[in-house]
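Asker: One structure follows; several queries about it will come next.
The values are calculated or read from the model by the stated rules, or taken from the named source; none is laboratory data. In this text the structure is predicted, and so the values were computed from the model without any measurement. All Cβ positions, glycine included, derive from the backbone under ideal geometry; neighbour counts span all protein chains shown. Areas reflect the complete protein model, heavy atoms only, side chains present, ligands, DNA and RNA absent. Shrake-Rupley method; radii C 1.70, N 1.55, O 1.52, S 1.80 Å.
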Amino acid sequence: MKKYIVLALATLSLASCNDWLKDETPGITRLQDYFMDGTEDKAEEVATAAYVPLMWEFGEGDYCYEWMIGDVASDDALKGGQNIADGLQYGDIDNFKVQADNSMLLSYWRAQWTGVARANLAITQLPTMANDSIREEFLDRTIGEAEFLRAYYYFRLVRVFGGMPIITDVIDSDTKWAQVRNTTDECYDFIIKDLESAESKLWLKSEYDEEDLGRATKGAAQAMLAKVNLYRKNYAEAKKWAKKVIDSGEYSLFADYFENFTLEGENGSESVFEIQYMDDDMSDGWNGFGFTRGSLSQVMTRSRSSVLGGGWGYNRPTHNLYNEYETEPTLDPRREMTILSPKDNEITNEAEENYCGTWFVSNKLAWTDWKTRTFPRLSHDTRGPLNNRQIRYADVLLMYAEACCELGDLAEAKSALNQVRERVGLADFPYTATIQGKSTQFKDNQDDLRTAIRHERRVELAMEGHRWFDLVRWGIAKKTMDAYIAGETNEAKQLWGQFVEGKNELFPIPTLERQLSGIDQNPGY
C-alpha cells in the first residue's frame with residue numbers, strides 16, 4: 001500500500017520580502033506529524049511501503065531484474081532478446097564485459113537502496129506510534145517486517161556489489177550522502193542481526209489473514225538466516241535455522257512441481273517468500289519505479305513467437321542447462337516444465353527466435369500452461385500478474401541438505417535431498433543417471449553427496465535467479481564458467497569476454513553512485 005501526498009501549489013504576486021514567505025507550503029505532511037496519529041492501518045501502510053521496491057523491474061530508463069544477474073551471468077541462461085544488439089547492457093553482464101556505467105546495474109542499485117531507505121524510515125518511526133489503539137504484537141510485527149526487508153535489500157546488494165555502507169537512519173539531507181563502505185563480513189553481521197530481531201517479532205504464516213499472505217513471516221526470516229549463514233560457511237547455524245522452517249509444519253512441497261509457477265499456486269504451501277504482483281492494465285510502466293503493480297518479467301521472458309506468447313525473448317536457457325537434467329533411467333520432468341523448446345510450426349520469425357544457436361525459452365516467469373503450450377493474454381502489453389517466487393520450501397530443504405552434508409551429517413542430508421527428488425519421481429541418492437550426456441554414478445560418500453546436492457539445486461531452482469550466486473559462494477564460478485563457454489556455440493564464444501578470478505565475482509559500483517557517495521570501487525573496475 002503506497003501513500004501519496006499531494007502538494008498544493010499557489011502562484012503569488014510578490015511586492016516585497018516578508019517573513020511569511022518562509023512559512024511551510026500548505027498541504028505538506030511533516031514527518032513527525034504523520035507518525036503522531038498512530039493507528040494499526042497507518043503502521044501497516046508504513047511497513048507495506050517498504051515492500052514496494054522489491055516489485056520494481058524498470059527504472060532510470062532501464063530494466064533491472066535480479067534474474068539478469070542470477071540467471072544470465074551464469075551458465076544457465078543467455079541474454080536473449082531480438083538480437084545481439086538488443087540490450088547491450090545485459091549482454092555485457094552475460095559476457096563479463098560490464099563496466100561501471102552499466103545502466104541496468106544503476107537501476108538495480110537504486111531500487112535496493114530505496115528499499116533500505118523505506119525500511120529505515122519504518123524501523124526508526126514505527127516505535128513512536130505505540131499507543132493504546134495499536135496492539136503491541138501488531139506493532140512488533142510491522143517493525144519485524146521492516147527489519148526483514150532491510151536485511152533482504154542489503155543481502156541483494158552485498159552479493160552483487162560486495163560490502164556496502166551500513167546505514168540505519170533516514171538520509172534526509174545531501175550532507176549525509178558521503179559514505180564509507182563496510183566490509184562484506186560486517187554487512188553479513190548486520191544482516192543476521194536484523195533477521196534474528198525480525199524472526200523474534202514476525203508471525204507464523206498460518207497466523208496471517210488470507211489478504212496479508214505475502215508479508216514477511218517467521219519462516220521467511222528463518223529461511224534467510226539459513227541462506228545467509230550458508231554464504232558465511234557457518235553450516236551449524238544454517239542447519240539450525242533451516243531445521244526450524246522444516247519443523248514448523250508451515251510448509252510442504254506441492255505435489256505438482258509446476259504449481260509453483262501458476263497464479264493458483266501463489267502464496268501456497270511451498271511459498272516461503274515471494275514478491276507480490278497483480279493484474280494492472282492502467283498504469284504507465286514506461287515511467288519507471290513505482291508506476292506499475294504488474295510484473296514486466298512475463299513479457300520479457302516469453303518467446304518472441306506470436307504462437308508462444310509473443311514476448312521479447314530474454315533470459316534464454318542454455319543447452320548446458322538443458323543437458324543437466326537427467327535423461328536415463330528416468331527423464332527428469334522438470335526439464336520440460338522449465339524449458340520450452342519450440343516446434344517447427346511454432347517458430348514465426350526464425351531470425352529473432354534463434355539466439356546464439358538456441359531456440360529455448362523459459363517457462364517459469366512467463367505465466368504459461370506448459371502442458372498445452374498456451375499463454376494467457378496479458379491485459380497490458382508490457383506486464384502480467386504472476387508473483388516472483390523468491391524462497392520456496394524446496395530451496396530450504398536443499399539448503400538444509402547442504403549444511404548437513406558439510407557438517408558430515410550425511411543421513412539428514414540425504415533425507416532432505418531425497419524429498420526434493422521424490423516429488424518428481426526420481427531415484428533416491430545414491431543413484432546412477434545420465435547427466436550432460438554421460439552416465440554418472442553417485443556413490444554413498446560426502447564428496448558425491450555434495451556434488452548431487454549442487455546438481456539438484458541447479459535443476460530444481462533453474463531460471464529462478466539462484467545459479468550465479470550459488471557458483472560464487474561455492475567458489476567455483478571461474479572453473480564452471482570457463483568450462484561452460486568452451487562447450488557453447490561459436491556465436492556465443494564470439495561475444496565472450498574474459499572471466500577474471502577475484503574481479504568478476506562482483507559487479508562494479510555504478511559511477512553515478514560513487515560520485516554521490518564517494519565510496520570505493522570494486523577491484524579491477
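Asker: Quick test for you: out of D189, D212, D174, pick the one residue that is surrounded by fewer than 24 Cβ atoms within 10 Å (Cβ to Cβ), without any contact (Cβ under 8 Å) to a residue 40 or more places away in the chain and closer than 21 Å to R392 by Cβ.
Answerer: D212
Asker: Hey, does the range 228-250 have a residue that's farther than 24 Å from E406 by Cα, out of contact with any His (no Cβ under 9 Å at 6 or more places or on another chain) and crowded, with 17+ Cβ neighbours inside 10 Å?
Answerer: Yes, that holds for at least one residue.
Asker: Within the range 354-364, restricting attention to residues that are of a type outside the set (S, T, N, Q) and outside any loop (DSSP other than H, G, I, E, B), which residue is surrounded by the fewest Cβ atoms within 10 Å (Cβ to Cβ)?
Answerer: Y355
Asker: Which residues, counting only those in the range 192-209, are among the hydroxyl-bearing types (S, T, Y) and either assigned to a loop (DSSP other than H, G, I, E, B) or open to solvent by 50 Å² or more (accessible area, probe 1.4 Å) (or both)? Can you show your working first?
Answerer: Going residue by residue through the range 192-209, those that are among the hydroxyl-bearing types (S, T, Y) are 197, 200, 206, 208.
Correct list: S200, S206, Y208.
Asker: Moving on. Exactly one condition in (1) open to solvent by 50 Å² or more (accessible area, probe 1.4 Å); (2) part of a helix (DSSP H, G or I) is false for S133; which is it?
Answerer: Condition (2) is where S133 drops out.
Asker: Looking only at residues that are surrounded by 15 or more Cβ atoms within 10 Å (Cβ to Cβ), of a type outside the set (G, A, S) and touching a Lys or Arg at 6+ places or on another chain (Cβ under 8 Å) in the range 413-430, which one is farthest from E237 (Cα to Cα)? So that I can check it myself, show each step before the final result.
Answerer: Step one: of the range 413-430, the residues surrounded by 15 or more Cβ atoms within 10 Å (Cβ to Cβ) are 413-421, 423-424, 426-427, 429.
So of that shortlist, the ones also of a type outside the set (G, A, S) come out as 414, 417-421, 423-424, 426, 429.
Still in the list and also touching a Lys or Arg at 6+ places or on another chain (Cβ under 8 Å): 424, 429.
Working: V424: 29, F429: 25 Å.
Looking at the filtered set, the residue picked out is V424.
Asker: Another question about this same structure. So, in the range 431-474, of the ones that are closer than 30 Å to N387 by Cα and among the acidic types (D, E), which residue ends up surrounded by the fewest Cβ atoms within 10 Å (Cβ to Cβ)?
Answerer: Taking the range 431-474 and keeping what is closer than 30 Å to N387 by Cα, we get 452-474.
Applying the additional criterion that residues be among the acidic types (D, E) yields 456, 460, 464, 470.
Details: E456: 22, E460: 23, E464: 24, D470: 20.
Applying the filter and picking the extreme gives D470.
Asker: Out of T301, T327, I need the residue that is within 30 Å of A221 (Cβ to Cβ) and either more than 20 Å from the chain's Cα centre (by Cα) or not basic (K, R) (or both). Which one?
Answerer: When all the criteria are applied, what remains is T301.
Asker: Here is a check on your reading of the model: is G80 at pLDDT 95 or above, in contact with a Lys or Arg (Cβ under 8 Å, 6 or more places away or on another chain) and on the phi < 0 side of the Ramachandran plot?
Answerer: In short, no.
Asker: Is it the case that G115 is modelled with pLDDT under 95 and either farther than 30 Å from R335 by Cβ or in a loop (DSSP other than H, G, I, E, B) (or both)?
Answerer: So G115 fails the test.
Asker: Please verify whether D140 is charged (D, E, K, R), assigned to a helix (DSSP H, G or I), touching a residue at least 24 places away in the same chain (Cβ under 8 Å) and surrounded by 21 or more Cβ atoms within 10 Å (Cβ to Cβ), treating the condition exactly as stated. Quick ask: steps written out before the conclusion?
Answerer: On the way: charged (D, E, K, R): yes; assigned to a helix (DSSP H, G or I): yes; touching a residue at least 24 places away in the same chain (Cβ under 8 Å): yes; surrounded by 21 or more Cβ atoms within 10 Å (Cβ to Cβ): no.
Judged against the criteria, D140 is not a match.
Asker: I would also like to ask the following. Which residues, counting only those in the range 475-489, are over 18 Å from Q436 (Cβ atoms) and either in contact (Cβ under 8 Å) with a residue 60 or more places away in the chain or open to solvent by less than 30 Å² (accessible area, probe 1.4 Å) (or both)?
Answerer: Once the filter is applied, which keeps residues that are over 18 Å from Q436 (Cβ atoms) and either in contact (Cβ under 8 Å) with a residue 60 or more places away in the chain or open to solvent by less than 30 Å² (accessible area, probe 1.4 Å) (or both), the range 475-489 yields only A477.
Asker: Next question, about the same structure. For G408, are the conditions met, namely being surrounded by fewer than 19 Cβ atoms within 10 Å (Cβ to Cβ), outside any helix (DSSP H, G or I) and in contact (Cβ under 8 Å) with a residue 60 or more places away in the chain? It would help to see each step written out before you state the result.
Answerer: Values: surrounded by fewer than 19 Cβ atoms within 10 Å (Cβ to Cβ): yes; outside any helix (DSSP H, G or I): yes; in contact (Cβ under 8 Å) with a residue 60 or more places away in the chain: no.
So G408 does not fit the description; no.
Asker: From the set of residues in the range 215-227 that are outside any helix (DSSP H, G or I) and not aliphatic (A, V, I, L, M), which is surrounded by the most Cβ atoms within 10 Å (Cβ to Cβ)?
Answerer: Checking each candidate, the answer is T217.
Asker: Cβ-Cβ below 8 Å, separation at least six or inter-chain, first residue in the range 428-456 and farther than 18 Å from H319 by Cα, second part of a helix (DSSP H, G or I) and open to solvent by 70 Å² or more (accessible area, probe 1.4 Å): which pairs?
Answerer: D428/E422; F442/T451
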